[in-house]
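Comments concern the structure below.
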Amino acid sequence: MQTEVLIVGGGLSGLALADHLTRQGKDFLLVEAQDRLGGRIMTKESADGRFDLGPAWFWPGQPRIAALARRFNIQVFEQFSTGDLLFQDQSGAVHRGRGYASMQGSLRLAGGMGSLIEAFSNVLDPARVMIRTRFTAVACSRDGITATLDQGGMALTVSAGQIVLAVPPRVIADTVRFDPALNAAQLQSLKDMPTWMAGQAKILAVYDTPHWRNAGLSGDAMSHRGPMAEIHDASPMAGGPYALFGFVGVPAGARAAHKEEVMQMALAQLIAMFGPEMAKPRDLMLQDWAAVLEIARPQDQKPVGYHPNYGLPQALRPLAEHGVHFGSTETAEVFGGFLEGALEAAEFLSERLKSAIDAKV
Ligand SMILES: Cc1cc2nc3c(=O)[nH]c(=O)nc-3n(C[C@H](O)[C@H](O)[C@H](O)COP(=O)(O)OP(=O)(O)OC[C@H]3O[C@@H](n4cnc5c(N)ncnc54)[C@H](O)[C@@H]3O)c2cc1C
């Protein structure tokens with residue numbers, strides 16, 4: 001197989017880049033290791049509603065994602081925040097009206113963030129997008145780039161003019177063979193970039209009735225007892241079904257070993273905090289991102305407690321001269337880590353690739 005640009009990774013950054021190249025009339029092939037597109041974006045359907053188990057918000061001042069919502073006709077709405085906050089202390093006692101509404105003013109998309117992935121899937125040529133196709137190695141020579149792919153145990157090679165690794169940097173460091181090999185500084189700089197939010201897990205509880213709203217609560221809550229440390233309303237834009245989600249504070253190893261117990265404890269926590277009506281959710285689910293090896297590596301198991309300073313490290317920049325580019329959100333200079341950063345990285349690379357391809361013609 002042959003292509004001008006091989007894009008590795010079908011998350012938001014890879015898909016957005018594929019869209020830029022489509023609009024520029026450039027040749028590309030996108031490969032995704034998992035059996036679905038979206039990467040860290042995951043919107044699940046339950047009880048006729050759609051719920052985000054990955055990212056849920058963007059923020060005012062992030063122009064690219066707002067523009068995409070407009071282009072694809074996806075409605076934007078504000079995080080529900082009407083009503084009192086709750087705070088649960090270490091002893092389990094619940095205090096009404098304490099804490100702060102950390103996500104007030106945050107913006108959500110009707111139909112969830114998965115609406116963006118579906119919209120991209122609809123505008124991209126399906127013949128150029130291959131899921132269940134894992135990129136494993138890249139060799140650079142004077143003749144160009146040869147990439148090795150694994151499709152269900154079958155090895156394929158692709159010759160490409162340029163390759164974009166729209167994959168979390170630590171995944172690249174751990175799983176990709178480079179020929180010539182990366183030097184120590186390049187390898188270390190990949191390992192030093194935590195995959196944003198990859199160590200997190202979300203629990204979502206779906207209800208026919210918004211019991212918390214009916215009780216004058218916003219659904220926003222903090223807990224020092226757990227297992228959910230931070231809880232928010234996750235209901236669709238209008239109408240039901242309604243939902244709360246919480247970030248799980250239990251360490252990754254323990255929650256992987258005791259998934260059912262953690263979910264039952266989370267349900268007990270919702271009852272203790274929001275009342276006995278919470279006892280019978282329509283659905284209860286846990287999405288553990290730390291267990292997804294295409295996104296989280298062992299170093300990501302412990303979530304970072306600060307927002308890292310992202311951007312493409314100096315050591316990796318010379319690889320662009322050989323046609324090797326890095327494009328996940330972690331490489332974005334301004335909005336690194338966020339959805340907006342994935343779009344920023346794609347926009348930057350689309351310009352860089354356009355110049356490289358046009359220079360060849
Ligand atoms: C729980 C959670 C909550 C979050 N909340 C927010 C939020 O509210 N707002 C916000 O702005 N951001 C949030 N984020 C971050 C946001 O999800 C990311 O910024 C964004 O989705 C990253 O997109 P990406 O395309 O750069 O990477 P990814 O989505 O990680 O995509 C990378 C893709 O590469 C694929 N891949 C990996 N290895 C290979 C290989 N060898 N071959 C082929 N394919 C491969 C993976 O399967 C994956 O599909 C959150 C993330 C999580 C996990």
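Values in this text are rule-based calculations from the coordinates and carry no lab data. What you see is a predicted model, and the numbers here were worked out from it, not measured in a lab. Quick reminder, even Gly has a Cβ in these numbers, built from the backbone with ideal geometry, and neighbours come from all protein chains shown.
Which shape class, rounded, prolate or oblate, goes with segment 32-123 when its Cα gyration tensor gives a ≥ b ≥ c as root eigenvalues, a/c under 1.5 marks rounded, and past that a/b bigger than b/c marks prolate? Spell out each step's value before the answer.
Working: a/c = 2.60, a/b = 1.76, b/c = 1.48.
Because a/c hits 1.5 or more and a/b exceeds b/c, segment 32-123 counts as prolate.
Only sites in a loop by DSSP and with at most 15 other Cβ atoms within 10 Å count here; which trypsin sites (Lys or Arg not before Pro) in segment 140-204 make the cut?
Working: sites: Arg142, Arg170, Arg177, Lys191, Lys202; in loops: Arg142.
For trypsin sites (Lys or Arg not before Pro) across segment 140-204 that sit outside H, G, I, E and B with at most 15 neighbouring Cβ atoms in 10 Å, the list reads Arg142.
Give the long-range amide H neighbours of Ile145: residues separated by 5 or more places, or on another chain, with amide H under 5 Å away, using H modelled in the peptide plane at 1.01 Å from N.
Distant-sequence amide H within range of Ile145: Ala160.
Considering the convex hull of the alpha carbon atoms of the chain, report its projected area averaged over all viewing directions, in nm², one decimal.
On the way: hull surface 72.4 nm².
Mean shadow area of the hull around the Cα atoms is 18.1 nm².
Please return the longest stretch of the chain lacking exposed loop sites, where chymotrypsin sites (Phe, Trp or Tyr not before Pro) count only if DSSP places them in a loop and at most 14 other Cβ atoms lie within 10 Å. Provide the component values of the computation, followed by the final result.
Details: sites that count: Tyr100, Tyr306.
Result for the longest clean stretch: 101-305.
Provide, as a two-decimal number, the C-alpha radius of gyration of segment 291-361 over 2.2 N^0.38 Å, N being how many residues it has.
Working: Rg = 14.3 Å, N = 71, 2.2 N^0.38 = 11.1 Å.
In units of the globular-protein estimate, segment 291-361 measures up at 1.28.
If each Cα of segment 108-179 is one equal point scatterer, what is log10 of I(q)/I(0) from the Debye formula at q = 0.19 Å⁻¹?
-0.93
Net charge within 10 Å of Asp288 by Cβ-Cβ distance, Lys/Arg positive one each and Asp/Glu negative one each, not counting Asp288 itself? Walk me through the numbers on the way to the answer.
Values: positive: Lys202, Arg255, Lys259; negative: none.
Its environment carries a net charge of +3.
With runs of 4+ DSSP H residues as the only contributors, calculate the mean residue ellipticity of the chain at 222 nm using -39,500 (n - 2.57) per run, divided by the residue total and rounded to the nearest 500. Show your work: numbers first, answer last.
Values: 9 runs with 95 residues, N = 361.
Mean residue ellipticity at 222 nm (helix-derived): -8000 deg cm²/dmol.
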